[in-house]
Amino acid sequence: MTLGLLPLETGDYTPPGTKDFLWYSLMPGDLPDWVNKPLVQAIIGALLVIILWVIASRKLKVQPSKGQFFAEYMYEFVRNGIARDILHADFRKYLPYLLGLFSFLLVNNWFGQFFLFMYPAFSNVGFAYGLAILSWLVYVGAGFAKWGFGGFLKKALIPDGVPAYLLPLVIPLEFLATFITRPITLALRLFANLFAGHLVVMVFAIGGGWLLSQQDNLFYNISGGVSILFSIIIMLLELFIGALQAYIFTVLTAQYVSTSIAEAH
Amino acid sequence: MVPLEGAQDLLGPLAPHYWSEVIAGIILMLVIFLIMWKVVVPAFEKMYEERSNRIEGGMQRAAAAEAKAEAALAEYNDQLNAAREEAARIREDAKNQSATILAEARDKASKESQRILESGRAQLEAERSQLVQDLRGEVGGMATTLAGKIVGESLSDDERAMRTIDRFLAELETAGSQR
């Protein structure tokens, strides 16, 4: 047995990669390929969000019980901490979307660290695109609804105080920033964080498992054990990142709505 | 829906594996939004409203109770002051009244004593004059009898005898008053 510098490159080991994010039918032959694990997870996540919130919103009392206290804490986190802080007087109208968005993202992101699932649905970029498209519709729709078609375009594309000779440069840039890059960055930020996080966990877990299973090499086994331990630490970090990304996506959506409906720049 | 192989080659993991993901994301989020919009958020907002109403109502009730207590206190203080004033007035009245009663009683007593004194004096005077009258007659008779016995003759002439007696008595009186 030779002790190579890059032990994982020798032999039968295949490192995790993008192919691990490509899923096929849950029941090959009976169901099409798109009925796969991420889709089922997303549906379960959505149902979980709906069921938990509907249960929480029943029998709400003026003097809260312990369970209601927790639900209120979550609700107020989005209501006061995100919606009201950013949207001020208009927050009521957008609160349902923001609350649902945050809950849906949080539950699905945390699926990456929970048994049975161990996979964050939003590390498939399609779901992230879907939510980004919806957020785009919400903040662009809010702008058009408030200022009218031309009014919102003028407001969004022509910042105050820009001299006329710069407008040919500024208008395309503003258009790009408001209508193109915002949804793309929303989607990619969410997707990339979860994709990368899950990939790192897989690298440590699968690689560590492979190292542990090598015979007659104590160094491999020890480093394999360490890397599996480390994968657990990374998972804890992923819990935090999952919550953070849910928060960021929601806050940015609220922020975009706020700039759309704000009275002045 | 088949995997988007062409896009995968170009964009790698940035291309959705299936368009169903995008559609599922949108539909699921819309369903969640509808539930939030129609059920969850109204329930929570209603509860918050009730809570703020209750707190506001409680504060109003507390303020009302405080005002009531203050009014009651003011009323009690007023009543206390009125009672004190009345007591002082009654004391003053009593003092005045007692003074007048005393004065009246003193007046009455002095008048009474005066009257008693007066009547006693009048009675004395009457008795005295009666006595003087009686004595005068008696003394006159006795003197006449005595004088008759001494002189030995009856002083039958009453008129002369009376004159003599009177003169004698007058002399006696003057002698008495001189002494």
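The values are calculated or read from the model by the stated rules, or taken from the named source; none is laboratory data. None of these values were measured; they are calculated from a predicted model. Every residue, glycine as well, gets a Cβ built from its backbone with ideal geometry; the counts of neighbours run over all protein chains shown.
Quick notes on this one:
- Set B:Met47, B:Met36, B:Met29: member being out of contact with any helix residue (DSSP H, G or I) (no Cβ under 8 Å at 6 or more places or on another chain), surrounded by 16 or more Cβ atoms within 10 Å (Cβ to Cβ), part of a helix (DSSP H, G or I) and within 14 Å of chain A (Cβ to nearest Cβ): B:Met47
- Residue in the range A:125-136 that is under 14 Å from A:Leu194 (Cβ atoms), more than 14 Å from every other protein chain (Cβ to nearest Cβ), under 13 Å from the mean Cα position of the chain (by Cα) and modelled with pLDDT of 90 or more present: no
- Hits in the range A:16-54 (condition: modelled with pLDDT under 90, in a helix (DSSP H, G or I) and of a type in the set (Phe, Trp, Tyr)): A:Phe21
- Some residue of the range B:123-143 being surrounded by 10 or more Cβ atoms within 10 Å (Cβ to Cβ), over 30 Å from B:Ala170 (Cα atoms) and of a type in the set (A, V, I, L, M, F, W, C): no
- Count of the range A:99-112 residues which are more than 9 Å from chain B (Cβ to nearest Cβ) and small (Gly, Ala, Ser): 1
- Search result, residues across the range A:177-191 that are within 14 Å of chain B (Cβ to nearest Cβ) and crowded, with 18+ Cβ neighbours inside 10 Å: A:Pro183, A:Leu186, A:Ala187, A:Leu190, A:Phe191
- Single residue of A:Ala121, A:Ala205, A:Ala164, A:Ala128 found to be surrounded by fewer than 19 Cβ atoms within 10 Å (Cβ to Cβ) and of a type outside the set (Val, Ile, Thr): A:Ala164
- Checked against (1) at the interface with another protein chain (Cβ under 10 Å from one of its Cβ atoms); (2) farther than 30 Å from B:His17 by Cα; (3) out of contact with any Phe, Trp or Tyr (no Cβ under 9 Å at 6 or more places or on another chain), A:Ser65 passes all but a single condition, namely (1).
- A:Ile180 assigned to a helix (DSSP H, G or I) and within 16 Å of the chain's Cα centre (by Cα): no
- Within the range A:8-22, residues that are within 13 Å of A:Ala205 (Cα to Cα) sit with their Cβ atoms under 8 Å from residues that are at pLDDT below 80 and of a type outside the set (Lys, Arg), at 6+ positions apart or across chains, in these pairs: A:Pro15/A:Leu8.
- Candidates in the range A:199-228 are the residues that are without any contact (Cβ under 8 Å) to a residue 12 or more places away in the chain and in a helix (DSSP H, G or I); of these, the one that is nearest to A:Asp85 (Cα to Cα) is A:Ile222.
- Any hit, the range A:215-225, residues being among the β-branched types (Val, Ile, Thr) and farther than 26 Å from A:Leu98 by Cβ: yes
- Check on A:Gly126, part of a helix (DSSP H, G or I), over 24 Å from A:Thr259 (Cα atoms) and in contact with a helix residue (DSSP H, G or I) (Cβ under 8 Å, 6 or more places away or on another chain): yes
- Across the range A:81-118, the qualifying residues are those that are of a type in the set (Gly, Ala, Ser) and closer than 28 Å to B:Ala43 by Cα, and the one among them that is surrounded by the most Cβ atoms within 10 Å (Cβ to Cβ) is A:Gly100.
- Within the range A:73-98, being facing another protein chain (nearest Cβ under 10 Å), touching a Phe, Trp or Tyr at 6+ places or on another chain (Cβ under 7 Å) and either closer than 15 Å to B:Leu34 by Cβ or charged (D, E, K, R) (or both) holds for A:Pro96, A:Tyr97.
- The residues in the range A:37-62 that are within 17 Å of B:Lys46 (Cβ to Cβ) and at the interface with chain B (Cβ under 8 Å from one of its Cβ atoms) can be counted, and the count is 8.
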